[in-house]
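Report on the structure given below.
The values are calculated or read from the model by the stated rules, or taken from the named source; none is laboratory data. Here the structure is a predicted model, which is why all the values come from computation and not from measurement. Positions of Cβ are generated from backbone atoms using ideal geometry, with glycine treated the same way; all protein chains shown enter the neighbour counts. Accessible surface is based on the protein model in full, side chains and every heavy atom, while ligands, DNA and RNA are left aside. Shrake-Rupley method; radii C 1.70, N 1.55, O 1.52, S 1.80 Å.
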Amino acid sequence: MANSYTREKIYRPSFQQQAKNYIAEEGLQKAANVALLLGRPLLLTGEPGSGKTQFAYHLALDLELDIFKFEAKSTSKYQDLFYTYDVLSHFHATNFRQQKDKSSKNESLGDEIPKNESPDIRDYIEYNALGKAILSTIEKERRQSWLGVNCKFSREAPHCSVVLIDEIDKAPRDFPNDILNELEEKYFKVPEISLQQEIEVNPDLAPVLVFTSNSEKPLSDAFLRRCVYYHIPFPKKDALIDIITKHLNLNNSQMKQLWLQNALELFYYLHDESDLSRRPSSSEFIDWILVLQHSISESDKDKKLSSKLIEDTLGVLVKDRNDQEQAQQLITRA
Amino acid sequence: MSSKKTLQSSIFPELSSFIEKLRDKHHYNIGIEEFIVLEKLLILLVDKGELPKKTADLAHYISPLLCKSPEEQLHFKQEFEKFCDQHPQLIETQLLETQLDRVQPDLKSFVQKKKIYNWHFTFLVICTFVLLFISVFSLFFSPATLKGKIVSQVVDAQNPISEGTITFLGKKYEEAIENEGFFSIEYTTKEKEGFLVVEHPRYEKWERRYDSPFPIEEIPIELEPKKIPIELKSLLYMRYIAWALFTIFICCWLYKYLTPISITKNSSSLFRGIKVKFCSRNLEQQLFRDNSFSNTLEQIHQWKYEEILDIDIHSTVQATAKKGGIFTPVFTSGKSLPKYLPKYLVLIEINNFLDYRNKWAEMLTRYLLQNGTNADIYYFQGDPQWCYSKNSGLQRLQQLYQVYPNHCVLVFSDSNVFTDFLTGQPEKWVKIFTSWQHRVILTSKPEELWSYPEKLLNESYFKILPATEDGLNNLVKTLKDNSSYTKSKNFSSAGFPRLLQKSSLQWLQNYSPGSAIEKELCEQLLDFLDPQGYFWFSACVLCPILRWDTTIFLGRNLTDTQDKPIINEKRLLSLLQLPWFQQGRMPDWLRLRVVTQLTQQQEEKIKTVFVRLLLPRIQEPQEQPNLINTKNYTPSEKYELNKYLQKKPEDYLFLQFILGNKPSKIDLVLPGKLRKFFIKRLPMTLFVRTGVLFSLISCILIEFFPSSYIESFISRFISIWFLFIVIHYLFAKNKAFELLRKNINETSKLMFFYILYVIFRSFF
């Protein structure tokens, strides 16, 4: 690699392209089918970078459905899954309106007192993933009664969608338990608009729920029992070759090039046979291959990877100081 | 259900024990719910035809339901592999197929039936052509004519016989036998085979078959004395019967598809088109215009408001002053001030969408709404415990009470809905209605037919009023005073037709009750509806399907002697009490009877209305002709009208009437008793199926056990049976085709064997 820096970017397939090229293994396909058949949420676990999130996009693309994503955070409440109420903006708007009314009243003394119209609360309610998905299943007229002026849906007709609730293990422990009922019944309330009325899903168009978890925190039994569980295992060598072939759009002769075979062996050596505290994931491997592909000249493609190049690019795969040292020793020995 | 049974009996018990082992031995967190979900999943997979063929492949489906961690997922895989080794053939392809067979038996049988139908129909056609071909072939390629002479002697055991008849090649030779029993006959024939028959009153019949060339001299014919006198019929007649049957079949099909118009084709797309044209939203306003009835409707939404006007002004002023200026109203009647204007909760029973009673109730409510009455409408079907409205969806009766506690409940329904069919006692849920203060049933049942259920309901639960003008006039009074309705004495001068009181459904049947009863019914209808109402009724019957909009249109456009529209509330209410207007259809016999009774003047009026309705649809809208007399059609108009009506041959009666022809029955009709014998007692299906089956069995019997008795009996039976079928086809109206079509599969199966037999006989 040259000593100077470069602003050149390596071509990386778009997220949609990645979802399209996603190869779901048989077990994952069957688990998703089970979830679809039973109308239950699909809970996916697996190592980081094993393609849990991408699978949700792949599923939506395959079923030709919209996808709504909710990223769970340590501050997430169950209500956030459905909607967010911007209290502050609403308060400001109301205050502003009152101020305006007062000033206009002073200006028009003796005239008719202007009406004190408070701002519509619906304009300050933003629907989130599951809320949007449930609203999208009901008729336009009913849906519109819950929406503010600026809130629009991409499709007017009632439709089904995929809801991705990403990294649920990041959310507080109570979060999964709080949504148990809503998961089964698929309804929610917006007490700010109506205390009584519930927004109920159209059962024929119930959204497909996909949860992903990195297993950082255990999930409750009650929650697990309501889900169809699948742990995405680390792909085997053949499967990984297929993934790379599809992602990087490589042909057979390119796949047989020595540098690539060498990279694969090295990767599996690091993943399976080393004692690294954090093993590299398949997405990191793809990134590494992209970097290598960009760095190797055409003439070097039929040669083994040089130890210098491996050392220079190892940071893509190994992200711990001790691990890096260990990995370098292993590579030198190998 | 069948897939569930199959699963329960095959793979599920094994899987259950495996899962129990996982739970008990390996501490998997598996509850009852997982079992249920698993079973549900397997049933779904079987139903969708996606159950894997190998047991091992099931792991992918079961694992996501039972495993809750990566370790369990891995462990499950290993355990399931062991399980598969123990039960390698738990699911086999054959089992899967049988499951699928059981899941979708209806679909499969449907497909098979369809195939059978097509196959047999094709076979029938092929057989017909084969038989025709053989006939034509034998006609044109007949063998050369043979000439010859047969000489022989007729004797008995001892002596020659000098009397008797000789038949050869179908020709009879009387007195051919001379003295000493000798005879000599000359013949000319094209036949390749022939029978020589010798008959004598005292001897058994002698018969022998000869093939061409026929012998010239024959050894003496020896006759045996007669034992039992019998009459033989040739079985060869069978083929003629088969031919006749085929002819009938073909005629039936041709008749069905080539007959352009039929009295029983009740399609009404013509009238659907008409409906669009004159459907008017403010129809009810025109109906109630300039009539005392509108005053009644006004009262309905103002009856409580009147109390507000009865305020005692002097007392109110005094009371208000005493209270320090706080307004305190005092009423002359001393009643408290009503806090709301009357509000109505209207429950309408929907029986079928052609029922005029529903339309009437809807129209009435709509009119009340338009006049400012506060009313909410709900519909129910058979049971008012569940009511439906467009805005609120399905609601329980209790929920309705929570929403409308102070409303007056008006139920447009038959009072039978509220009582038990067997005991006649009010249903338990009727008590729910007592939560409301005012509750009224407006029933369309004629007052003459009110009986014990009405009395019971009237005493404890509802005020029952007829859904008539009189009933609505009494509604306000009933709501005000909570008084019961006393039956009107002068509701109708003649009362509800006596014949219709017995059983209203029998008058919907397509079979005429007989000319005398028809006449009597028409007379009673005339008395009940009054002459103008009957005229309106006569115009309505021209449409095979009775539609509310068509009826209202006719009522508005037909005029009486004073040139006023014949429609009024009383006549309309009378019409909707008739069973035909409640079911939305009219039998042909009644239509024909009513239409033929119309006078020339009435016919002209009706034609004018219909033509005014139809012609603008054919021509440009601005060219609406104002035709007073249908005889004044211009040739082009006649042509257009003919072309339009012929293009849509909807209804024989209507077409004939509108085109100025005298409608008449197109089917031959047997006298009542005979028809009952042929059609009611011996259905057509029984005829063909049993007949063909019987013929087939008898043919086989004769083949194996030849007996002149059986032959004789069968030949007679077949003749009579054939006659019955012919009569049935001639006189049973078009219903015969319907039955034939429904049973064509089974009939054709039998016909197939029968034809096979006939062909076999023809050749051998």
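Per-structure values
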| quantity | calculated |
| --- | --- |
| Per-pair calculated FRET efficiency, R0 = 51 Å: B:Q562 and B:Q385 via Cβ, rounded to 0.05 | 0.55 |
| ³J(HN,Hα), Karplus 6.51/-1.76/1.60, whole Hz, each residue of the stretch A:70-84, x for Gly, Pro | 10, 9, 6, 10, 5, 9, 5, 10, 5, 5, 4, 5, 9, 7, 10 |
| Estimated vicinal HN-Hα couplings, Hz - the stretch A:126-142 in sequence order (Karplus 6.51, -1.76, 1.60; Gly, Pro = x) | 10, 7, 9, 3, 5, x, 5, 4, 5, 4, 5, 8, 9, 5, 4, 5, 5 |
| Area hidden from solvent between A and B (accessible, protein heavy atoms only, 1.4 Å, total, Å²) | 1800 |
| Ranking by accessible area, most exposed first, for B:H200, B:H314 with a 1.4 Å probe | B:H314, B:H200 |
| Out-of-range pairs (alpha-carbon distance over 24 Å; input A:K20/A:K217; A:K30/A:K140; A:K237/B:K40; A:K20/A:K237) | A:K20/A:K217; A:K30/A:K140; A:K237/B:K40 |
| Long-range amide H partners of B:F182 with built H, under 5 Å | B:V154 |
| 0 to 90° range, to nearest 10: angle between helix A:237-248 axis and chain A longest Cα axis | 60 |
| 5 angstrom amide H check on B:Y379, placed H, neighbours 5+ away | B:I348, B:Y388, B:S389 |
| Rounded FRET efficiency, nearest 0.05, which uses the C-beta distance separating B:E20 from A:E273 and R0 of 41 Å | 0.55 |
| Chain A: angle of helix A:321-333 to the longest principal axis, Cα-based, in degrees nearest 10 | 30 |
| Nonlocal amide H pairs with A:F68, under 5 Å, H built at 1.01 Å | A:V162, A:V163, A:L164 |
| Cβ neighbours within 10 Å from other chains - mean over B:57-67 | 6 |
| Cβ neighbours within 10 Å from other chains - mean over B:72-83 | 1 |
| Most to least packed among B:390-402, B:524-536 [average Cβ atoms within 10 Å] | B:524-536, B:390-402 |
| Minimum 30 Å² accessible area buried by the other protein chains, the stretch A:31-79 residues, probe 1.4 Å, relative to alone | A:V34, A:L37, A:L38, A:R40 |
| Förster radius 56 Å - calculated FRET efficiency between B:Y401 and A:D312 (Cβ-Cβ, nearest 0.05) | 0.10 |
| Out-of-range pairs (alpha-carbon distance over 22 Å; input A:K77/A:K132; B:K322/B:K343; A:K52/A:K236; A:K73/A:K246; A:K236/A:K256) | B:K322/B:K343; A:K73/A:K246 |
| Relative contact order of chain A, defined on C-alpha pairs under 8 angstrom at six or more residues apart (%) | 24 |
